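Right, one structure below, let's go through it.
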Amino acid sequence: MTSPVPGQESSAPGAAPAASVSPGAQTLLQLRGVDKHFGAVQALYHVDLDLPAAQVTALCGDNGAGKSVLTRCIAGIHQPDRGEILWKGHPVHIRGPRDAAELGIEVVYQDLALADNLDIVQNMFLGRERVHRGLLNEDSMERAAADTLRNLKVTTVRSIRQPVASLSGGQRQAVAVAKAVMWNSKLVLLDEPTAALGVVQTRMVLDLVRTLRDHGLGVMVISHNLNDVLQVADRIAVLHLGRKVAEGPATDFDLQSVVEYMTTGSSHR
Amino acid sequence: MAQVEDEVGRTALDEEAEPSAAAEIAAPPEILAESLGQYLRAWGRRVAGGESGALPVVLALVIIAVAFEIWTQGLFLSPQNLVNLFIQSMFFMTLGMAEIFVLLLGEIDLSAGYVLAVAAGIAGLLVQKPGPDWPWWLAIITALVCSGVTGAIWGLLVSRLHLPSFVVTLAGLLIMWGVMLVILGNAGVVSISSRILVNQHVLYQIVNGNIPPAAGWVVLAVLSLLFAGLTISRDFGRRRKGLVAPPSGLTVLKIAFFVAAGIAVVAVCNVNRGSSLVVLAGVPWVVPIVLVVLLLWVVLLQRTRFGRYVYAIGGNPDAARRAGIRLATVRTWAFALAGVTAGFSGILYLSWQGGTSTNVNGGQYVLYGVAAAVIGGTSLFGGRGKIAQAVLGGLVIGAIYNGLYLQGVQVQWQLIATGLVLVGAVLVDTLSRRGTLSGSATRI
Ligand SMILES: Nc1ncnc2c1ncn2[C@@H]1O[C@H](COP(=O)(O)OP(=O)(O)OP(=O)(O)O)[C@@H](O)[C@H]1O
Ligand SMILES: [Mg+2]
């Protein structure tokens, strides 16, 4: 069904090892000089970024900094105007969500992208339904969805056959995350996973993020809540007006410096 | 510090209790209930909360039946008229099914009425002798294929060029009206009521022929066993595997309802509605034929990827796109299937009337089809509805159409009555949607 990603096989002799990633951690995804504009709006300007496995990278930036656009470029929804994307060192062209999924990249969008009229199982398998002789294999999908939710310690939903419309914000987020990690994914991008969540539900989602990392997945988290970010992040990158202005281990940053980078694009520390 | 956190945690938990109460209303009772009693209570809460399902339609049907029965002094519920009513309703049901394919996407097909008329014309013309004299089945297939292609064209315009379906299919209405006039030519009529020509006779018998009464019972018994077997093996199988399953009392209730409805239909149809000399009894062939089509479409929409994608696109097109679903392809197919189904109701029309003419009022029929779907409970806003809902909706439209006709009410009042029913149905749809929306807003 899915066409192989062109360029995936070609080796890239020039791919430089990531500078800011601690040795030992495998770099899953690298952006090199990515530009993206919409008409006159330059949303991304020459962005470099490394996303290693088994680490949580936080992407910070003020409203309109380009975080969501960057996510959508990785997910194949937008095509970068210039620059390249490397997957495990090899240049790839991600032409759509299927290409991204093929590589092992899954995205949880800011608006979650769940269909309210479908139930939890139907949403988790949307676009990848299991079929048996042409008919949907509901039993097998339901069992797999239940297993995934259990593995992620999501226990608050009453029935996995209830429509997503009937879930609370945190439960919806959990379903969206579970949907993303069901597929043997290697890199998960979370856009604002804790926005609009209460204290308990936020904690639940952050625990979920740690669980993913402990399973060896690469995670990129976008959040405006810097307290949350600093709690879970191993690495931090900051965007300011479409430019990446800082990137490094979380220990190099504190709340003050991240805020300075986000608002002014530089820090005096 | 830990204490403070605990306190915060508790209040947040308390807040969480509220959405789950709302969730109980929004979630279908059969997946949360463990017993029939629980189910009925959950169902009662849903009805009270504005999510009433099929109940208002059934109530409306009962009220309509009682009112017409009194008004027509016993004519309405006579076996002879009830069979007429079934036949007319079959026609509106299939039109409703056609509309549901596109309504689920949040689109509409206004051309269905004249697609129907053209299909009737094509099938009728192809079995003329002298003339093409095609076999009846080839005439039917040709008419259905033409209808499907027509629907696919609207679908392509809507999905690839992003034209609004309202405008595309309004243009389609005019075009197909014209096509109908062209193919029926100067004579403007085509008849299939010959009893000697086999191909015409078979078409005529679809609606006007009856299953022998004894055979009717056998068919019902077989269908009931099939339905019971499938339902039980599915529900109890899921229960055994520890998956979400409706309470067993509900399974039994469903089967009992199916059997009771079947017995009622067969019993009514098997009453002699001819005279003591010429016996006329039995279930019209059109009833099982429409049931088969219904079953096909239910399987397609509920049990295949295509069906799942139709619902997903209707519910949240962005989610569908990001899931890698090819929206344009699914939309085009849905329009094509709506066309095929409209063509199918054209075949029923041709058979029912024993022919067709340029007088087919496609503009009115398509609104009956939309009304049947919406009255049945399909949302105009996409994503919510089931193909089987066309059955109840079609019965309501059929009953109004039949009752007013029986009473000799003039056509202007028939139009007004149907229009009012349609407005009422849309009102219910909009209000219930607003109810669920405000409900989910508090949940997020
Ligand atoms: N599809 C689009 N068409 C045109 N402009 C766009 C589009 N998507 C994003 N932009 C613009 O690109 C810029 C970056 O937007 P983006 O959504 O990435 O911001 P963000 O960092 O995610 O902000 P927020 O924190 O508010 O979510 C904004 O100026 C926005 O207006
Ligand atoms: Mg954003």
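The values are calculated or read from the model by the stated rules, or taken from the named source; none is laboratory data. Not measured: the values here are computed from a predicted model. Counting neighbours? That spans all protein chains shown, and the Cβs are built from the backbone with ideal geometry, glycine included. All accessible areas refer to the heavy atoms of the entire protein, side chains included, with ligands and DNA or RNA removed. Shrake-Rupley method; radii C 1.70, N 1.55, O 1.52, S 1.80 Å.
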Report task. Report, by residue number, each residue of the range A:214-227 that is more than 14 Å from ligand 2 (Cβ to nearest atom) and either within 14 Å of chain B (Cβ to nearest Cβ) or surrounded by 21 or more Cβ atoms within 10 Å (Cβ to Cβ) (or both). Result -> A:Leu217, A:Gly218, A:Val219, A:Asn227
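Per-residue answers, yes or no, for (1) of a type outside the set (Lys, Arg); (2) surrounded by fewer than 22 Cβ atoms within 10 Å (Cβ to Cβ); (3) within 11 Å of chain B (Cβ to nearest Cβ):
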| site | (1), (2), (3) |
| --- | --- |
| A:Met141 | yes, yes, yes |
| A:Ala146 | yes, yes, yes |
| A:Arg150 | no, yes, no |
| A:Ser159 | yes, yes, yes |
| A:Val164 | yes, no, yes |
| A:Gln171 | yes, no, yes |
| A:Val188 | yes, no, no |
| A:Gln201 | yes, no, yes |
| A:Thr211 | yes, yes, no |
**Report entry** Inter-residue pairs, beta-carbon under 8 Å, first under 24 Å from A:Glu129 (Cβ atoms) and in the range A:179-203, second at pLDDT below 80 and assigned to a loop (DSSP other than H, G, I, E, B), 6+ apart
**Finding:** A:Val181/A:Leu152
Query - Filter result (in a helix (DSSP H, G or I) and either under 23 Å from A:Ala43 (Cβ atoms) or open to solvent by 30 Å² or more (accessible area, probe 1.4 Å) (or both)) within the range A:104-124 - result: A:Gln122
Query - Some residue of the range A:64-82 being within 25 Å of B:Leu104 (Cα to Cα) and within 16 Å of ligand 1 (Cβ to nearest atom) - result: no
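Residue-wise test of (1) of a type outside the set (S, T, N, Q); (2) in contact with a Leu (Cβ under 7 Å, 6 or more places away or on another chain); (3) over 24 Å from A:Asp234 (Cβ atoms); (4) within 16 Å of ligand 1 (Cβ to nearest atom).
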residue: A:Val56; (1), (2), (3), (4): yes, no, no, no
residue: A:Leu59; (1), (2), (3), (4): yes, yes, no, yes
residue: A:Ile85; (1), (2), (3), (4): yes, yes, no, no
residue: A:Asp111; (1), (2), (3), (4): yes, no, yes, yes
residue: A:Ile120; (1), (2), (3), (4): yes, no, yes, no
residue: A:Leu135; (1), (2), (3), (4): yes, no, yes, no
residue: A:Ser140; (1), (2), (3), (4): no, no, yes, no
residue: A:Asp147; (1), (2), (3), (4): yes, no, yes, no
residue: A:Leu152; (1), (2), (3), (4): yes, yes, no, no
Requested in this report: Filter the range A:61-97 down to residues that are open to solvent by 60 Å² or more (accessible area, probe 1.4 Å) and not hydrophobic (A, V, I, L, M, F, W, C), then give me how many there are.
Outcome: 12
Query raised in the report: Which residues, counting only those in the range A:128-139, are within 20 Å of A:Glu102 (Cβ to Cβ) and open to solvent by 10 Å² or more (accessible area, probe 1.4 Å)?
Result: A:Arg128, A:Arg130, A:Val131
Report summary line: For the range A:234-269 the number of residues that are in a loop (DSSP other than H, G, I, E, B) and open to solvent by less than 10 Å² (accessible area, probe 1.4 Å) is 1
Requested in this report: Keeping to the range B:273-309, report how many residues are part of a loop (DSSP other than H, G, I, E, B) and surrounded by fewer than 16 Cβ atoms within 10 Å (Cβ to Cβ).
Outcome: 7
Report summary line: Going through (1) of a type in the set (Gly, Ala, Ser); (2) open to solvent by less than 40 Å² (accessible area, probe 1.4 Å); (3) within 21 Å of B:Asn402 (Cβ to Cβ) one by one, B:Ala67 fails only at (2)
Query raised in the report: Mind checking whether some residue in the range A:255-266 is at positive phi, of a type outside the set (A, V, I, L, M, F, W, C) and over 15 Å from the mean Cα position of the chain (by Cα)?
Result: yes
Report summary line: A:Ile94 vs (1) over 24 Å from A:Trp183 (Cα atoms); (2) away from ligand 2 (no atom under 15 Å from the Cβ): all pass except (1)
